Amino acid sequence: MKLQFLVNKLFIPFLVASLFSFKAIGQLKATSSSNETINLVVDLNATGVKIQPTMYGIFFEDINFAADGGLYAEMVKNRSFEFLDSKMGWLEPNSNKLSLNNQSGYLSPIKYAGQNTNQTYARVEVKGPKYELINEGFRGMGVKKDAKYNLTINAKKFSGDITKIKIQFIDSLNNVLGETIILPKGKNWKSYETQLTASKTILKTKLKFTFEGTGEIDLDMISLFPVDTWKGRKKGLRKDLVQLLDDLNPGFLRFPGGCIVEGRTLARRYQWKKTIGNIEDRELLVNRWNTEFAHKPAPDYYQSFGLGFFEYFLLSEDLGAEPLPILSCGIACQFNTGELVPMEELDPYVQDALDLIEFANGSISTSWGKLRADMGHPEPFNVKYLGIGNEQWGEAYIERYEVFHKAIKAKYPEIVLVSGSGPFPDGDYFEYGWEELKKLNVEIVDEHYYRQPQWFRDNANRYDSYDRNGPKVFAGEYAAHPKDVEDGSKENNWETALSEAAFMTGLERNADVVNLTSYAPLMAHVDAFQWAPDMIWFNNLESYGTANYYVQKLYGNNSGTDLIAITRDGKAVTGQNDLYATAAKDMIKKEVIIKLVNTSNQPKSIIIDLTGYKLKSKGEIIVLSHPNLMGINSFEDPFTISPKETEYILKRNKAELSLQPYSFSILKFNL
Ligand code: AHR
């Protein structure tokens, strides 16, 4: 099945595309001479199409350690010993179970009696001072000098008398970089809280536990978080990563995926109800990307759901983004098992959708609304959108979607439903899906495309021919891929980002049809990724935005509210002479925003005639460019490709400028 996923989804499209456009990779060519001047006209009065506030958003999936080991700031891996191998992530360098005389000890996983979630805890038998228990973190634990870390642990003494547990950050040479203690008391479960301060900045530390006294002690939910989280929330999210998201000014947050919504099997689908409430009771799941790619195994990839649906809603609220949850429609990933829930057994799935709306929006007198209030958010989250299924295709999807549609619209007619057209931007699945969804009069159709950069440059006019009276489009997952998936972080090169910038002029120019868009995937841990390219890369201490990130950021922060026409010889600018353009007004900020993408290796002389009414002369130009299409950002040079802003003076309502080679420029003037 793994192979099937790769072959169907990735290799075939790439191989086919490669046969036809191999030469184009990394070889954008100049097709217009450098001194030819291109005249463009912007008609400031030609408005009518609204650009939806949701136009540029975020797609979040727990792939590449984006949640556990990433955004969710927990530093202890397998904190509750629930992984299939209960001791995964835990090291016992001197352990010895059998010898009675040695000075060490041993950890044994024990099952709670009659507990369905958080089923396991650890019984640590300490025979002497040599015993050490170490958690390796998510490919290490990053700590910052003088930063504080909160440790919580549930413990109870079982036998003997263990009087003290010492907890230390250690580096690879066993040097201690900060320590604390807890003094366990009593034979009942008790929660202990303490704090460590790191004495150095180190990317990969571990957390060591040593014990005073001998005997057996039971431990569970051993958890460590930085104090300095996003908004200072206890057990919260990584601040640097959320900041990068916030800076995108996203219109929506789609969660929790992606394929993890569907699961490899139905039993392993994402079930939102299991991700809310008390964190200790959230049932762990093997992450679906754990085994997806044979050459990229991630046996330690699980979903703890510490970042669950409540937290996703909260994050949406923090970001000022519309929450867009996607739910299983009763079909497991069709690249894996494609398991189907029989139609007559679909009710619980539909009920999950109805209950989710109540959880998000219901008054606190409803049972799900009350749970939201009990979790600390009595105000509704005001969810407006709901996605049914991720990347499903075929009849099985259409008939299931229809059932959801009827039930949800009957109870919540105001909720906008997002349906899907499958994993590819064309072909049989896509055609069939669109045809059937149109018959059902659906509101929004999700489209996905992972294609070579050339495809993006060639498809800036993709939506020009879409039916203006048909469903709206959610370009829900897209990214330009120079190579196959998961070849490495370096694939976020300038050619991919520039090609996406060019393509996005077409998304914006068709804002009457395209209402939501998001790049995918969003994040990747540099030591634990399964899929590349990705918009944001991080390690256990730092993170940076790729060139693709800055393209998204520029669109997200300069989207405008009303589309206006920008033309050359009366035609839209969709790649003729390697030039792409779109223009908008922002009626709130009172700005005119013109986006221009030059994909040639030559500068381009442009004159833009702004007609309609007089603009103030003082404006601004923001340029994102790089001379080398293979250029990338990195941890060492995170801003190599990042926007540069300068003043721009308009002369008699005309903008004359020379676009840099390989550049994405935004001109802004005050209305
Ligand atoms: O973005 C990575 C994956 O691509 C998503 O999980 C899935 O929807 C698509 O196949």
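The values are calculated or read from the model by the stated rules, or taken from the named source; none is laboratory data. All figures in this text were calculated on a predicted structure; none of them were measured in a lab. So basically every Cβ, Gly included, is an ideal-geometry build from the backbone, and we count neighbours across all protein chains shown. Areas reflect the complete protein model, heavy atoms only, side chains present, ligands, DNA and RNA absent. Shrake-Rupley method; radii C 1.70, N 1.55, O 1.52, S 1.80 Å.
Worth a mention:
- Selected residue (only one of Leu196, Leu203, Leu207, Leu183 is within 26 Å of Asp171 (Cα to Cα), crowded, with 22+ Cβ neighbours inside 10 Å and either aliphatic (A, V, I, L, M) or within 16 Å of the ligand (Cβ to nearest atom) (or both)): Leu207
Residue-by-condition table, conditions (1) open to solvent by 50 Å² or more (accessible area, probe 1.4 Å); (2) modelled with pLDDT of 95 or more; (3) within 30 Å of Gly506 (Cβ to Cβ):
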{"site": "Asn45", "(1), (2), (3)": "yes, no, yes"}
{"site": "Ile51", "(1), (2), (3)": "no, yes, yes"}
{"site": "Ser86", "(1), (2), (3)": "no, yes, no"}
{"site": "Pro109", "(1), (2), (3)": "yes, yes, no"}
{"site": "Tyr149", "(1), (2), (3)": "no, yes, no"}
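- Of the residues making up region 351-372, those that are open to solvent by 10 Å² or more (accessible area, probe 1.4 Å) and either not polar (S, T, N, Q) or not assigned by TED's automatic domain parsing to the domain that holds Ala407 (or both) are Asp352, Leu354, Asp355, Glu358, Gly362, Ile364, Trp368, Lys370, Leu371.
- Any hit, region 126-136, residues being under 19 Å from Ser95 (Cα atoms) and open to solvent by 80 Å² or more (accessible area, probe 1.4 Å): yes
- Single residue of region 396-416 satisfying the filter (surrounded by fewer than 16 Cβ atoms within 10 Å (Cβ to Cβ) and touching a residue at least 40 places away in the same chain (Cβ under 8 Å)) that is farthest from the ligand (Cβ to nearest atom): Lys411
- Scanning region 267-278 turns up one or more residues that are outside the structural domain of Pro638 (by TED's automatic domain parsing), modelled with pLDDT of 95 or more and farther than 28 Å from Pro342 by Cβ.
- Between Asp569, Asp578, Asp562, the distinction of being out of contact with any Phe, Trp or Tyr (no Cβ under 8 Å at 6 or more places or on another chain), surrounded by fewer than 17 Cβ atoms within 10 Å (Cβ to Cβ) and over 30 Å from Glu322 (Cβ atoms) belongs to Asp569 only.
- When Asp218, Asp240, Asp246 are checked against the criterion of being away from the ligand (no atom under 16 Å from the Cβ) and either open to solvent by less than 10 Å² (accessible area, probe 1.4 Å) or modelled with pLDDT under 95 (or both), a single residue qualifies: Asp218.
- Residue list for region 621-648, filter: over 31 Å from the mean Cα position of the chain (by Cα) and surrounded by fewer than 17 Cβ atoms within 10 Å (Cβ to Cβ): Thr646, Glu647
Each row is one residue, and each column tells you yes or no for (1) farther than 25 Å from Asn174 by Cβ; (2) touching a helix residue (DSSP H, G or I) at 6+ places or on another chain (Cβ under 8 Å); (3) not assigned by TED's automatic domain parsing to the domain that holds Gln168.
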{"residue": "Phe81", "(1), (2), (3)": "no, no, yes"}
{"residue": "Ser104", "(1), (2), (3)": "no, no, no"}
{"residue": "Leu107", "(1), (2), (3)": "no, no, no"}
{"residue": "Ile110", "(1), (2), (3)": "yes, no, no"}
{"residue": "Ala113", "(1), (2), (3)": "yes, no, no"}
{"residue": "Thr117", "(1), (2), (3)": "yes, yes, no"}
{"residue": "Tyr121", "(1), (2), (3)": "yes, no, no"}
{"residue": "Lys127", "(1), (2), (3)": "no, no, no"}
